[in-house]
Amino acid sequence: QVQLVESGGGLVQPGGSLRLSCAASGSIFRVTGMNWFRQAPGKSRELVASITSGGTPNDADSVKGRFTISSANAQNPVYLQMHSLKPEDTAVYYCNVGGYLKVYWGQGTQVTVSS
């Protein structure tokens, strides 16, 4: 059973930066895309950024220009570089990878933006 493991979360001051990483414990067959979601307390989970297996990125409007998703290829770790962090970015961030007939989720990593 392939698992996704996120890392890189933590406490950062407003305006700071963090880089999240997501690595798979094994090979995922026919990756269609990789995504970062987040869920703040009392809110539903929202898509933050996505990247296709071909490497085309897309960001949510709320993070455009501040967050960047990247991955060397569909079987390598996927990263989320976050700059100019705001208190409203505080959430648990989840990695998500779509494979053949299956979607994989990580356990989440907490990002807290606070002074």
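For segment 10-51, a residue qualifies if it is without any contact (Cβ under 8 Å) to a residue 40 or more places away in the chain and not in a loop (DSSP other than H, G, I, E, B), and the qualifying residues are 46, 47, 49, 50, 51. Looking only at residues in segment 62-103 that are of a type in the set (Ser, Thr, Tyr) and under 16 Å from residue 22 (Cα atoms), which one is least open to solvent (accessible area, probe 1.4 Å)? Here the answer is 93.
Being of a type outside the set (Lys, Arg), within 14 Å of the chain's Cα centre (by Cα) and part of a loop (DSSP other than H, G, I, E, B) is a property that residue 97 lacks.
Residue 106 meets each of the listed conditions (1) surrounded by 18 or more Cβ atoms within 10 Å (Cβ to Cβ); (2) more than 27 Å from residue 1 (Cα to Cα) apart from (2). In summary, residue 12 fulfils each of the numbered conditions (1) more than 15 Å from the chain's Cα centre (by Cα); (2) open to solvent by 30 Å² or more (accessible area, probe 1.4 Å); (3) over 25 Å from residue 102 (Cα atoms) with the single exception of condition (2).
The values are calculated or read from the model by the stated rules, or taken from the named source; none is laboratory data. Predicted model only: the values in this text are computed from it and were never measured. Glycine gets a Cβ as well: all are built from the backbone with ideal geometry, and neighbour counts include every protein chain shown. The accessibility values were calculated without ligands, DNA or RNA, using every heavy atom of the protein model including side chains. Shrake-Rupley method; radii C 1.70, N 1.55, O 1.52, S 1.80 Å.
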